[in-house]
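Following: one structure in structure tokens, then a few remarks.
The values are calculated or read from the model by the stated rules, or taken from the named source; none is laboratory data. Note that the structure is predicted; figures quoted are calculated from it, not measured. Cβ atoms come from the backbone with ideal geometry, glycine included; neighbour counts cover every protein chain shown.
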Amino acid sequence: MPAKDHSFTRYDEELEDIRNRVLQMGGLVEQQVHDAIRALVEGNFEQMTKVDRNDHNVNAYEMEIDGTCALIIARRQPTAVDLRMLMGISKIVTDLERCGDKAALIARKAMLIYANRNMVHIPCIAGINEIGEIAAGLLRTALNCFARQEALAAAAIVRDDLEIDYKFQAITRQLITFMMEDPRLISIAFEVLFIAKALERIGDHAKNIAEQIIFITRGTDVRHIALAQLELEAKGSEREE
């Protein structure tokens, strides 16, 4: 019996460790997003380069966590809640890795903008900064929901992501107007549009993470369902195992 108890203890430690690794990865990705936006706003080439180079660390986290999930499933053959958690984590780290990719893309686009000798000013920079803060905030909230296993708060992220979509559409319209009024801004405006789209996608990935948290905690796959139904599922009780 002591050997069996030790095995269960070790299993719990493995699960706790992988949860902590997800949060560490998420913290790095959140910092990458913040740093990329700040570097763009401040014109900090050193920070842009750092964000781009740090992307490989995000990739390494994804590969390590995915490998650990596969190993635990093969060795422990988890069921019910634990299996859902491991399956959800595998999807969550994919979304985190893609957020990291978008942060690196923002940094590279910022380099191109500031390297443009014809740059007059960066259009919509205030709006980009605003949407960046919202996207980073959604990502931070999603990580907190994962840490606390809060389905209701995760459902709110799905609704809040709509604000980013609206702001992205507004920035797109503004950029088109700027390009029509001043042809000198066309090349820069296109780079800004890529940045705005990257931030909109970070919001989408935060929403995806929220959906996986609901799956982990409630046992319901809420992808591709109406928002009202998703919120009802998040309020529901844990399914019978």
Practice problem: Count, please, the residues in segment 120-131 that happen to be outside any helix (DSSP H, G or I) and either touching a strand residue (DSSP E or B) at 6+ places or on another chain (Cβ under 8 Å) or surrounded by 16 or more Cβ atoms within 10 Å (Cβ to Cβ) (or both). | Solution: 3
Practice problem: Report yes if some residue within segment 139-154 is surrounded by fewer than 22 Cβ atoms within 10 Å (Cβ to Cβ), over 15 Å from the mean Cα position of the chain (by Cα), closer than 21 Å to T49 by Cα and not β-branched (V, I, T); otherwise report no. | Solution: no
Exercise. Evaluate segment 1-15: report whether one residue or more is surrounded by fewer than 17 Cβ atoms within 10 Å (Cβ to Cβ) and under 20 Å from K207 (Cα atoms).
Key: no
Exercise. Among the numbered conditions (1) touching a residue at least 24 places away in the same chain (Cβ under 8 Å); (2) closer than 16 Å to K91 by Cα, tell me where E30 comes up short.
Key: (2)
Practice problem: Among the numbered conditions (1) under 14 Å from the mean Cα position of the chain (by Cα); (2) closer than 20 Å to A103 by Cα; (3) crowded, with 22+ Cβ neighbours inside 10 Å, tell me where I188 comes up short. | Solution: (1)
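In the list F146, F178, F168, which residue meets the criterion of being over 28 Å from Q212 (Cβ atoms), part of a helix (DSSP H, G or I) and of a type in the set (A, V, I, L, M, F, W, C)?
Just one listed residue meets the conditions, F178.
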Quiz item: Residues I202, I134: which one is β-branched (V, I, T), in contact with a Gly (Cβ under 8 Å, 6 or more places away or on another chain), surrounded by 18 or more Cβ atoms within 10 Å (Cβ to Cβ) and assigned to a helix (DSSP H, G or I)?
Solution: I134
Self-check item: Verdict on V22 being closer than 27 Å to L193 by Cβ and either touching a residue at least 40 places away in the same chain (Cβ under 8 Å) or among the hydrophobic types (A, V, I, L, M, F, W, C) (or both)
Solution: no
Quiz item: Are any residues in segment 177-193 free of Cβ contacts under 8 Å to residues at least 24 places away in the same chain, over 25 Å from A104 (Cα atoms) and hydrophobic (A, V, I, L, M, F, W, C), and if so, which ones?
Solution: M179, M180
Quiz prompt | Counted residues, segment 56-78 - those being crowded, with 16+ Cβ neighbours inside 10 Å, aliphatic (A, V, I, L, M) and either touching a Gly at 6+ places or on another chain (Cβ under 7 Å) or modelled with pLDDT of 95 or more (or both) | solution = 2
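Conditions (1) among the polar types (S, T, N, Q); (2) out of contact with any strand residue (DSSP E or B) (no Cβ under 6 Å at 6 or more places or on another chain); (3) within 16 Å of R19 (Cα to Cα); (4) outside any helix (DSSP H, G or I), marked per residue:
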| position | (1), (2), (3), (4) |
| --- | --- |
| H56 | no, yes, no, no |
| I65 | no, yes, yes, no |
| A74 | no, yes, no, no |
| I89 | no, yes, yes, no |
| T94 | yes, yes, yes, no |
Quiz item: Does L193 satisfy being surrounded by 19 or more Cβ atoms within 10 Å (Cβ to Cβ), within 24 Å of the chain's Cα centre (by Cα) and in a helix (DSSP H, G or I)?
Solution: yes
Exercise. Would you mind stating whether T172 is surrounded by 20 or more Cβ atoms within 10 Å (Cβ to Cβ) and among the hydroxyl-bearing types (S, T, Y)?
Key: no
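Looking for something of a type in the set (V, I, T), more than 23 Å from the chain's Cα centre (by Cα), within 26 Å of D35 (Cβ to Cβ) and surrounded by 13 or more Cβ atoms within 10 Å (Cβ to Cβ) - is there at least one such residue anywhere in segment 159-168?
If we filter segment 159-168 for residues that are of a type in the set (V, I, T), which is where we start, we get 164.
With more than 23 Å from the chain's Cα centre (by Cα) added as a condition, the list becomes none.
Within segment 159-168 (the criterion being of a type in the set (V, I, T), more than 23 Å from the chain's Cα centre (by Cα), within 26 Å of D35 (Cβ to Cβ) and surrounded by 13 or more Cβ atoms within 10 Å (Cβ to Cβ)), the answer is no, since none of the residues qualifies.
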